[in-house]
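Written below as structure tokens is the structure these notes are about.
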Amino acid sequence: MTNKMSDTANISKITHGSTEDGRGIRTVVFFGGCGLGCRWCHNPECIPPEPILMHFENKCISCGQCVKICREVFGMTAEGIVIDRTKCDGCGKCISHCLGDALAISQCKMTFEKIFEEIEKDKSYYKYSGGGVTFSGGECLMQPKMLKSLLKKCATEGINTCIESCFDVPYEVIEGIYQYVNSFFIDIKHMDPDIHRYYTGRGNGRILSNIRKIFQNHGDITFRIPLIPGVNDSMENLEKSVDFVASLKGKSEKRIEVLKYNDLAAPKYRSIGRNFVNFGKPQSDDELSHLKTHLNSLYENVKVI
Amino acid sequence: MENISKRLLEAGEFYASGYTEDCDRSRFYRTAKAMLRYREHCSLPKYNGELLYPNGKCIIDKMFVYPEYAFTHHFDYESYDEYDRELAECCQNNIPMWHTVREEPQNGPIYGGVYTHASVNYFRIMNEGLDSYRERILKCEDKDFREGCLLVLEGIEIYRRRCIEYLRSVSADEKLIASLEKIPFKKADTLYEALIGWNFIYYIDLCDNIGSFDRELDHWYNGEDVVDVLRNFYRNVDANDGWSLRVGPEIYPITYQILEASRGIRRPSVELCIDGDVPEDIRLLSSDLIKSGSSNPCFYNYPIYQKALHERFPKIPQCDLDKFAGGGCTETMLTGISRVGSIDGSVNTAYVFCEYMNECLAQKDTFEDFYEGLIERITKYANMLFETINDSYKYASEYMPNPVRTVLIDDCIDNGKDYNAGGARWNWSTVNFSGTVNVIESLLAIREIIYEKKEMTAKEFLERLNAEEEFFYKRLKKCLHYGVNDKCADSLATDFLKRVYSTTDGKKSYFGDGFVSSSIQFITYVRRGENVGPTPDGRKKGEPLCDSLAPIFGNDTKSVTSTLGSVSSLDLKLALGTPVVNLRLSKKYSDEMLFTLIRGFFENGGMMLQINCISREELEDAMVNPDKHRNLLVRTGGYTEYFVNLSPKEQRTIIARTEYDE
Ligand code: SF4
Ligand code: SF4
């Protein structure tokens, strides 16, 4: 599933000035398309490889502009706007006309030059903060050709690079790029292959094997465990996950970040016509602090955020 | 006239009395005499055990004609009826008043009062003593000029004597009295003496700016802790609505104390100049000050100011450029050696735009035509402003001398020329362009909606705009904006500002070295918007204009680096008078991140940055419960103010500024 047009990639969005996606001030390039389909995904619009029309009901003021622009997709009823996404080809024309700022397109094609232009804009801020660019998604490793070109260019320009990935790609892809990457953030979602498959659509075999291999070769990896209530937050699974990381042998520095659950993605699910499954309440501070103490007794380098 | 002068003196009109004593002599001499009589008779501020003297409000006597630093003197028209009618009329007939010659309505396309801030040469006064000034004055050829300057010294001496006698009578601190026995006529030998002198001269100059401060004080520094003395001095600056001081980029031990003393005090506005790395303790102290709600210091990109000054005034040698400091709000000046009209006047570009758009938009077939016509119109008004300022300068140089600044600012004595007639070593006039970001955003909207996407005719556009139609305003907000680091939008902004700022290029001023452009809105951005109709940046009729070159609130929501990226893409050096940028950040920013933003911005061409770290909640609460937030300070226009002192409209613009979170 590499990008079809060699000189463009599907990009969901590019954000600037982030301080949460790696060291310092960072630009984050969100690639569109992902091989997994985690049910709790925070960027559900990034999962399909093609653009989807997003409609945020809470912002819609029923002005009817969209109906004027694109009758095939939009219709006005007494209850408000109705949308037939099957007729939408993602041209994006309706977006600029939407007076409520209620419409968006989940991803668009961007050329290498355009993406790099965005990355380059904050170069001075990277320099003074130790920041750089983070490639995320979706799954950035699913568009390896563009990713590699960008990474190489960043390396020659002295821009720090970071990759956020779930690592469910052939190892050759990782092998082709890791030398240009300064640091990795890798998700560990569940240690049980079947549960993993049930909630994400795929087993964890390839992921864990890729992690073991990259660990031999790369020096800076942070593992992230997103806490999903009732799915992966049992002490047993967390212990296994931490043990797995602790037992890894190689030259890399190991860090684990356990992330508190939140339900902030709900409006995004509704915007693409999908049901949002709420897995439960965010963990309390007490629970998190208990968790931290326990996991730290197994492995010192665990942060709970 | 002698009779009148006597009557004025008896009526407590000390200044006017002096002015009317020697009607056959020059205005310079008469003004100096007026100041002398004022200093002889004015009431002295109370001493309450402070470390310094004088303290508190500078002018405490009620006089119809009273001295003032920017305009030589003012007439108290506000309480006209409380004065003896005959004497007041006599003052009006015999004493000239500062005026802008061609009085423009203050709510029209151009406005301003030909104002002048300065900082006198404190360092030279403290380092040489005024006795040495006397020797230089005696060499002046012109009799009235020479004797006028001597009267200034005599006035200072009389005032000093009176202060000492008073301090003795209340058994004030002996050290304070002993220091005042020495300075400012003999040179200061210790840091303490220098600071007593600085404060004393600050009052003699009627309380304006402190100017470049730490490199000067370092001359006397010997390990003393003078934070309390500095705080005393700052309280005096604050009590008189005084202005600014500069520290950095070299960091001296005294720099820390100067910064620390500013904690929680509104004025002076503290300007920290930066050139590359900032030592960690200065970083920590500054971000702590900002986060504790001081809104001080603001940050200056030192090398770029130096470069811009050098390009604009190639004749100025480096040793003089080193004296750079902001005065008034943040106007660029050279401490002790310059006369900078600041701010002499403004072109309200939003007003001009609005007038021009309603008149001409429908007739312009292309955006380029529309744009060029606008530039032409702004240039026309700018030229009118320059003429007005020059007329005022001509008038001031003939009628409104300033003998005090003539003595205290170099090189007036050596040039034998009054300060207001071009006697200072360097002279320029700062003009301001207000509403520019409103115009930039409006141009972007017009280009996109009418000329590029052809969504409606100009006629429909204007009708819907002037009717402030809700959906139309929503459409306007969706246009491409300045402030999101978009090349296409930013290049229009760059071109527009370049054309506007360049209107000062090569323009001759009545005396001195011409004009410099600036973007400093003080608090006038609220009032200047009152008479401007709806503008296509989404601003409604009468709403405030932009308060700095930062993008319009709400349009800059992409990220803080994008906002700063847009601003730094402008050719800011062209607004050498200072291109003010206000930014509100969340308190969560670490000191490291804060300085990353500042340094990144400066590396890309940013010139100055004013940061507020106060949350929306805190500001909103201060609007409702002002008593709980008396000390909450904010940076606005180009200076620091207590938030609760601002009008509700001004408060709302500050709250509306986008707050960037980490
Ligand atoms: S993106 Fe294009 S096709 Fe899809 S709804 Fe909007 S206008 Fe219609
Ligand atoms: S244009 Fe936007 S705001 Fe208007 S009805 Fe369509 S989705 Fe809603």
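P(r) for segment B:485-540, from all Cα pairs and a bin width of 5 Å, is 4, 14, 13, 17, 23, 17, 8, 4, 1 %, short bins first. Across all C-alpha atoms in the protein assembly as shown, the radius of gyration and Dmax reach 32.9, 109 Å. Could you tell me how many degrees, from 0 to 90 and to the nearest 10, lie between the Cα long axis of helix B:27-41 and the main elongation axis, the longest principal axis, of the Cα atoms of chain B? With rounding to tens, the tilt is 70 degrees.
Taking the longest Cα principal axis of chain A as reference, the axis of helix A:144-157 is set at about 70 degrees. Within straight-line reach of B:Lys459, meaning a Cα separation under 17 Å, sit the following lysines at least 8 residues removed in sequence or on another chain: B:Lys364. Quick one, what does Rg over Rh come out to for segment B:1-51 if you take C-alpha atoms and the Kirkwood Rh? Rounded to two decimals, Rg over Rh is 1.15. Working note: Debye formula, equal point scatterers on the alpha-carbon atoms of segment B:174-309, no solvent; log10 I(q)/I(0) at q = 0.11, 0.12, 0.21 Å⁻¹ is -0.40, -0.47, -1.33. Check the straight Cα-Cα distances from A:Lys240 and name the lysines below 24 Å, setting aside those fewer than 8 residues away within the same chain. The qualifying lysines are A:Lys189, A:Lys213, A:Lys249, A:Lys251, A:Lys254, A:Lys260, A:Lys281, A:Lys292, A:Lys303.
Give me the accessible area of B:Met333, 1.4 Å probe, in Å² rounded to the nearest 10. Number for this one is 10 Å². Ordering A:99-109, B:54-64 by mean Cβ neighbour count within 10 Å, with the highest value first, yields A:99-109, B:54-64.
Rounded, prolate or oblate: which fits chain B when a ≥ b ≥ c are the square roots of the eigenvalues of the alpha-carbon gyration tensor, with rounded for a/c under 1.5 and prolate only if a/b beats b/c? Since a/c reaches 1.5 and a/b is larger than b/c, the shape of chain B is classed as prolate. Springs join every pair of Cα atoms under 10 Å in this Gaussian network model of chain A, and among A:Glu79, A:Glu117, A:Glu164 the largest mean-square fluctuation is at A:Glu79. Within the assembled protein chains, the solvent-accessible surface assigned to A:Thr86 is about 120 Å², based on a 1.4 Å probe.
Any idea what the dipole of segment B:2-100 comes to, in debye rounded to 20, about its Cα centre with Lys/Arg Cβ at +1 and Asp/Glu Cβ at -1? Kindly include the intermediate steps, with their values, before the conclusion.
Details: 12 positive and 17 negative charges, 80 e Å.
Here the size comes out at about 380 debye.
Quickly estimate the mean residue ellipticity at 222 nm for chain B, helices only: each DSSP H run with n ≥ 4 gives -39500 (n - 2.57), and the total goes over all residues, rounded to 500.
Rounded to the nearest 500, it is -13500 deg cm²/dmol.
Would you give the gap between the C-alpha center of segment B:588-662 and the C-alpha center of segment B:35-62, rounded to a whole Å? Taking the Cα centre of each part, segment B:588-662 and segment B:35-62 sit 35 Å apart. Partners of A:Lys268 within straight-line reach, counting aspartates and glutamates whose Cα lies under 13 Å from its Cα and excluding those fewer than 8 residues away in the same chain: A:Glu45, A:Glu57. Ranked by the mean number of other Cβ atoms within 10 Å per residue, highest first, peptides B:409-415, B:513-519 order as B:513-519, B:409-415.
When both bridge partners sit in chain B, DSSP labels roughly 40% of those beta bridges antiparallel. Computed over segment A:144-279, the range of Cα coordinates on each principal axis works out to 44, 38, 24 Å, biggest value leading. Neighbouring Cβ atoms from other chains, within 10 Å of the Cβ of residues in A:287-295, number 0 on average.
Take the solvent-accessible surface of the protein heavy atoms, probe 1.4 Å, and return the percent of it on the protein assembly as shown that carbon and sulfur atoms account for. Could the numbers behind the result be given before it?
Numbers: 17760 of 36470 Å².
Whole-percent figure for carbon plus sulfur exposure: 49.
Looking at chain A as a GNM with Cα springs under 10 Å, which of A:Glu120, A:Glu253, A:Glu287 has the largest mean-square fluctuation? The residue with the greatest mean-square fluctuation here is A:Glu287. Percent of Cα pairs in segment B:2-100 per distance bin of 5 Å, from zero to the largest separation: 2, 13, 23, 24, 17, 10, 6, 3, 1.
What size of dipole, in debye to the nearest 20, comes out for segment A:1-87 about its Cα centre when the only charges are +1 on Lys and Arg C-beta atoms and -1 on Asp and Glu C-beta atoms?
Numbers: 10 positive and 9 negative charges, 19 e Å.
Here the size comes out at about 100 debye.
Entry note, chain A: the mean residue ellipticity at 222 nm calculated from DSSP H runs of n ≥ 4, each adding -39500 (n - 2.57), is -9500 deg cm²/dmol after division by the residues and rounding to the nearest 500.
Determine the percent antiparallel among the DSSP beta bridges restricted to the protein assembly as shown, to the nearest 5.
On the way: 35 of 90 bridges.
Percent antiparallel among DSSP bridges in the protein assembly as shown is about 40.
Look at the dipole of the protein assembly as shown built from charges on Cβ: of A:Thr19, A:Met54, B:Gly148, the Cα furthest out on the positive end belongs to A:Met54. Its Cα gyration tensor gives chain A an equivalent ellipsoid, and the semi-axes of that ellipsoid, as √(5λ) in whole Å with the largest first, are 34, 25, 17. Relative contact order, percent, of chain B when contacts are C-alpha pairs under 8 Å separated by at least 6 residues? The normalised contact order for chain B reaches 14 percent.
Simple rule: put +1 on each Lys or Arg Cβ and -1 on each Asp or Glu Cβ in chain B, find the dipole, and look at B:Asn94, B:Leu52, B:Gly108; the Cα lying farthest toward the positive end is B:Gly108. Calculated over segment A:150-201, the projected area of the Cα convex hull averaged across directions stands at 4.1 nm².
Taking all protein chains into account, the per residue accessible area for chain B stands at 34 Å² (1.4 Å probe). All Cα-Cα separations within segment A:184-259 were binned at 5 Å from zero, giving a P(r) of 3, 16, 28, 27, 17, 8, 1, each value a whole percent of the pairs. For segment A:53-105, the spread of Cα positions along the three principal axes, ordered from largest to smallest, is 24, 19, 16 Å. Candidates B:Ala11, B:Phe28, B:Tyr80 compared by Cα position along the dipole of segment B:2-100: farthest toward the positive end lies B:Phe28, with charges placed on Cβ.
Chains B and A together bury roughly 2100 Å² of accessible surface, counting both sides and using a 1.4 Å probe on protein heavy atoms. Would you work out the relative contact order for chain A, in percent, from Cα pairs under 8 angstrom that are 6 or more residues apart? Relative CO of chain A lands at 19 percent.
Antiparallel versus total DSSP beta bridges in segment B:563-662: what percent is that, nearest 5? Around 45 percent antiparallel, to the nearest 5.
Who wins for biggest fluctuation among A:Pro193, A:Pro44, A:Pro229 in a Gaussian network model of chain A, springs between alpha carbons below 10 Å? Of A:Pro193, A:Pro44, A:Pro229, the Gaussian network model singles out A:Pro193 as fluctuating most. Taking every alpha-carbon pair under 8 Å whose residues sit at least 6 apart, segment B:2-100 reaches a relative contact order of 22 percent. For the pair segment B:162-199 / segment B:252-314, the C-alpha centres are spaced 30 Å from each other. Dipole magnitude for segment A:53-105: about 140 debye, using +1 per Lys or Arg Cβ and -1 per Asp or Glu Cβ, origin at the Cα centre. The convex hull drawn around the Cα atoms of segment B:530-604, when projected onto a plane and averaged over every direction, covers 6.3 nm². May I ask for the distance between the Cα centers of segment B:380-428 and segment B:499-569, given as a whole number of Å? So the two Cα centres are separated by 27 Å. Computed from Cα atoms, the angle from the helix B:85-94 axis to the main principal axis of chain B rounds to 80 degrees.
The values are calculated or read from the model by the stated rules, or taken from the named source; none is laboratory data. The shown structure was predicted, so the numbers you read here are calculated from the model rather than taken from an experiment. Using ideal geometry, Cβ is built from the backbone for each residue, glycine included, and neighbour counts are taken over all protein chains shown. These accessible areas exclude ligands, DNA and RNA; they are computed on the full protein's heavy atoms, side chains included. Shrake-Rupley method; radii C 1.70, N 1.55, O 1.52, S 1.80 Å.
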